[in-house]
Amino acid sequence: MNAHHPWYVLSYAMSKESAILEDCVEQLQQVPEGGIAVLPEYVANSIEYSETAFAKLREVCIEQKISVITTLNIVPKDLPHAEAGTNYNTLTVFTKDGEVHTPQAKITPQSFERKQYGEKFPAINVSDYDYLNIVDIDINGEKKKVLFVICSDMYTLMAGVQHIQDLKVDLCIVPGNFGNGAEQAVYRTLNAFRQAGIFETTIFANPYQKLKKPTHTPLVQQATDYTSRDQAEETIELTDWDRIQLVKENVAIYPDEQVPSFVHMASLTTMDKGRMTIGMSRLAVDVKVDKYPKVIYF
């Protein structure tokens, strides 16, 4: 265990899907029995390779007696309010017992996740989702409430949900794939929600890019962050006005067709002190807060 908690926050190097899976599986071999590994989103982003990754991750969890959290491009098996037979960027939880849960899907897929703009870009083609589902988890008898926020769905915390108290949980877990700079916007936003006492602990995983030339700027910056609220600190209320300010300072909004790929998106994320991006198509999303009906036993 990590001295004080069972969470292992991992990253991976951006690469082709088979290399990403290999990298992740290698790291998962190091996670001790009973550990819960949080990976960035999209260990696989194509429909085809997501099947391979699904089978492999499930196998590793059973062998190693560990649990894994990531996202895959799959038809979720038990996602509330999902459209039957529809692929989403699906939050996928594999437990050490071989159970698989899909309690959340991405609400704000980027333009290039929703639609393939050209043959040279990856075909992801996931659907939009409109709910944030609070999840009850049980770690060796210790019960906690969790909110899984997939990458740019951080935006929905600021602008998609009417009552901030509806989001109050013990753990907020963010599997990300944020472009270079946007990870700073994530830290600032999570910090504001922790200070307001909405989240007690936040976990954030982001991949990284291995550079061929050290002088180049990476498209993605690594993040493997586990931060708990300092109980001695005073609570700083996060008003609706404050949440609007978070949008103004941390989000870049773009017309979908102007961002046909991840590389195009990453050209926006370094703006100012770092910004996460939202396509116009998902700007006005009205998010409903609901509950995942099962308990996940880790």
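Only the coordinates and a few stated rules stand behind these numbers; no lab work does. The structure displayed is predicted, hence computed values, not measured ones. All Cβ positions, even for glycine, are placed from backbone atoms using ideal geometry, and neighbour counts span all protein chains on display.
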Too-long pairs where the Cα-Cα distance tops 25 Å, listed order kept, from Lys120/Lys212; Lys56/Lys291; Lys144/Lys273; Lys120/Lys273; Lys65/Lys144
Lys56/Lys291; Lys144/Lys273; Lys120/Lys273
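Would you compute, from DSSP H runs of 4+ residues alone, the mean residue ellipticity of the chain at 222 nm, taking -39500 (n - 2.57) per run and dividing by the full residue count, rounded to the nearest 500?
On the way: 7 runs with 70 residues, N = 298.
My calculation for the chain gives -7000 deg cm²/dmol from helical runs alone.
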What percent antiparallel are the DSSP beta bridges of segment 200-298, to the nearest 5?
60
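For a test of the definition: using alpha carbon positions, the gyration tensor, and the 1.5 limit on a/c, classify segment 78-153 as rounded, prolate or oblate. Could the numbers behind the result be given before it?
Details: a/c = 2.45, a/b = 2.16, b/c = 1.14.
It is prolate, given that a/c is not under 1.5 and a/b is the larger ratio.
Tell me the chymotrypsin sites (Phe, Trp or Tyr not before Pro) within segment 92-146 that lie in a loop according to DSSP and have at most 16 other beta-carbon atoms within 10 Å. Kindly include the intermediate steps, with their values, before the conclusion.
Values: sites: Phe94, Phe112, Tyr117, Tyr129, Tyr131; in loops: Tyr117, Tyr129.
Sparse-neighbourhood loop chymotrypsin sites (Phe, Trp or Tyr not before Pro): Tyr117.
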Can you say what percent of the DSSP beta bridges in the chain, counting only those with both residues inside, are antiparallel? Round to 5.
45
Partners for Lys210 among aspartates and glutamates (Cα-Cα distance below 14 Å; same-chain residues under 8 apart left out):
Asp23
Could you tell me how far the Cα centroid of segment 86-104 sits from the Cα centroid of segment 230-298, in Å?
22
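Exactly which trypsin sites (Lys or Arg not before Pro) in segment 180-226 are in a DSSP loop and have at most 16 other Cβ atoms within 10 Å?
Details: sites: Arg188, Arg194, Lys210, Lys212; in loops: Lys210, Lys212.
Sites meeting the loop and neighbour criteria: Lys210, Lys212.
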Connecting every pair of Cα atoms under 10 Å apart in the chain and solving the GNM, the largest mean-square fluctuation among Thr217, Thr201, Thr269 falls on Thr217
